[in-house]
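Visitor: I have a structure I would like to understand better, so I am pasting it below and will then ask my questions one at a time.
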Amino acid sequence: MAYNVAIMGATGAVGTEFLRILEQRNFPLASLKLLASHRSAGKKLTFAGEELVVEELGGNSFKGIDLVLASAGGEISKKFAPIAVAAGAVVVDNTSAFRMDPDVPLVVPEVNPQDIKTHKGIIANPNCSTIIMNVPVWPLHKAAPVRRIVVSTYQAASGAGAAAMAELEEGARAHLEGRPFEPTVLPHKAAFNVFSHNSAVGEDGYNEEERKMGLETRKIFHAPDIRIAATCVRVPVLRAHSEAINLEFAEPMSEQQVREILADAPGVTIVDDREKSYFPMPLDATGQDDVLVGRIRQDISQDGQIGIEMFVSGDQIRKGAALNAVQIAEML
Ligand code: A2P
């Protein structure tokens, strides 16, 4: 069986990665339709050696389409995902539009593949930082329940889209050449700088990204009681997110146990060479499917071996977005 697939937001950072992943994984395609804004209509993108013309997204884009991979922003998904479902398609949505909707499954295939079956036309792909944290934390949580997670992120420009990646490069060039540069996509200069994640800060002082990591993880794990506190920060990295993760378990969990569990965990590669000081790095994670996990150690601030510290890096555009969505589509 082969499927008629449409990519909503095909010209974006995640959209172009969808093309690469569908090709690399030999996704069974009957046809592929590339949708973006009127700005990109007529533009050509290459897929499997063939040039495909980008079309403007509209109400009539979904006739005969079986599967929509959506990554054109939350407002676009809110408007067009229901139209696609009404036309008979299943939508795997990469935006935050439907993630917390109780009728929409929120899925990381390594964690809760069984939830896919409950869909009513839309399946949500979690936030990129959530996915990258969930892949290594889930197998540990299954072995001994995690009671509390404290996570700090080091997030790449790619999470804010292709324009933010270009802005980081341009800002770095301007800085090195001594030219003035004012960012227009991100709220602050990204090159040679670090700043709090560019999402709205609520009354409690947490920004949207930090809130998403908590709410989404509880939904994906079916664990409403896990306590999660996140600090989300942008760093001048192009496309892989890193995270320092502190876990508190309900039962003792030794460093050795963590290593054994993660050595067999799907989607995880351990990179943890203390002698060579070689640990997960965003440049190494870039282009990889697995989340790199290292700096695995017992949290010395906790008695009774109930705390674990680790540092992870995962490709935000691949596992954090496009790959996770294509894996969901494959399971469908
Ligand atoms: P376009 O390139 O034509 O603006 P990113 O996440 O990298 O910023 O990419 C966003 C994606 O969403 C792009 O493919 C972009 O297309 C698409 N997009 C943005 N606004 C719209 C819109 N109003 N209608 C359709 N696609 C849109």
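Visitor: What FRET efficiency do you get for A143 and S37 if R0 is 41 Å and r is their Cβ-Cβ distance, rounded to the nearest 0.05?
Guide: Here the calculated transfer efficiency is 0.35.
Visitor: Using Cα centres only, tell me the gap between the range 32-90 and the range 244-281 in whole Å.
Guide: What the calculation gives is 40 Å, centre to centre.
Visitor: What lysines does K189 reach when the alpha-carbon gap must be under 27 Å and sequence neighbours fewer than 8 apart in one chain are set aside?
Guide: K212, K319
Visitor: Output the 0 to 90 degree angle, nearest 10, between the alpha-carbon long axis of helix 128-143 and the longest principal axis computed from the alpha carbons of the chain.
Guide: 50
Visitor: OK, next. If you filter the range 229-294 for trypsin sites (Lys or Arg not before Pro), then keep DSSP loop positions with at most 12 other Cβ within 10 Å, what is left?
Guide: Within the range 229-294, the qualifying trypsin sites (Lys or Arg not before Pro) (loop, at most 12 other Cβ atoms within 10 Å) are R274, K276.
Visitor: Next question. When the helix-only estimate is applied to the chain (DSSP H runs of n ≥ 4, each -39,500 (n - 2.57), divided by the residue count), what is the mean residue ellipticity at 222 nm, nearest 500 deg cm²/dmol?
Guide: Result for the chain: -8500 deg cm²/dmol, rounded to the nearest 500.
Visitor: Specify the angular offset, from 0 to 90 degrees and rounded to the nearest 10, of the alpha carbon long axis of helix 162-176 from the longest principal axis of the alpha carbons in the chain.
Guide: Between the helix axis and the principal axis of the chain, the angle is about 70 degrees.
Visitor: Towards the positive end of the charge dipole of the chain, with charges on Cβ (+1 Lys, Arg; -1 Asp, Glu), say which of I131, L69, A41 has the farthest Cα.
Guide: A41
Visitor: What FRET efficiency comes out for E275 versus E182 if R0 is 45 angstrom and r is the Cβ-Cβ distance? Round to the nearest 0.05.
Guide: Using R0 = 45 Å, I get an efficiency of 0.50.
Visitor: S31's amide H: which non-local residues (gap 5+, or another chain) put their own amide H closer than 5 Å, with H modeled 1.01 Å from N in plane and none for Pro or chain starts?
Guide: Sorted by chain and number, the residues that satisfy this are Y3, N4, V5.
Visitor: Among the listed pairs K142/K276; K33/K63; K79/K120; K78/K120; K44/K79, which are separated by more than 20 Å between their Cα atoms?
Guide: K142/K276; K44/K79
Visitor: With label points built 7 Å along Cα→Cβ from the Cα atoms of R20 and N60, find their separation and express it in nm.
Guide: It is 3.5 nm.
Visitor: Can you list the residues, at least 5 places off or on another chain, whose amide H is less than 5 Å from the amide H of V291, using H built in the peptide plane?
Guide: V268, T269
Visitor: Angle between the Cα long axis of helix 13-24 and the longest principal axis of the chain, 0 to 90 degrees, nearest 10?
Guide: Here the helix axis deviates by roughly 90 degrees.
Visitor: Mind checking the dipole of the chain: about its Cα centre, +1 per Lys or Arg Cβ, -1 per Asp or Glu Cβ, Debye to the nearest 20?
Guide: Dipole magnitude for the chain comes out near 580 debye.
Visitor: Any idea how far apart E251 and A200 come out in nm if each label point goes 7 Å out from Cα toward Cβ?
Guide: Those two pseudo-labels are separated by 4.3 nm.
Visitor: Here's another thing I want to ask about it. Relative contact order, percent, of the range 130-316 when contacts are C-alpha pairs under 8 Å separated by at least 6 residues?
Guide: With pairs under 8 Å counted, the relative contact order is 29 percent.
Visitor: Please check which bits of the range 307-332 a label hung off A30 would reach, taking the label as a point 7 Å along Cα-to-C-beta and the cut-off as backbone N under 17 Å.
Guide: Of the residues in the range 307-332, 330, 332 have backbone N under 17 Å from the label point off A30.
Visitor: Hey, another quick one. Relative contact order for the chain using alpha-carbon pairs under 8 Å, separation at least 6, rounded to a whole percent?
Guide: Result for the chain is 18 percent.
Bear in mind that the values in this text are calculations on the coordinates, not laboratory data. Values in this document were obtained by computation on a predicted structure and should not be read as measured data. Here the Cβ is made from the backbone with ideal geometry for all residues, glycine too, and neighbour counts use every protein chain on show.
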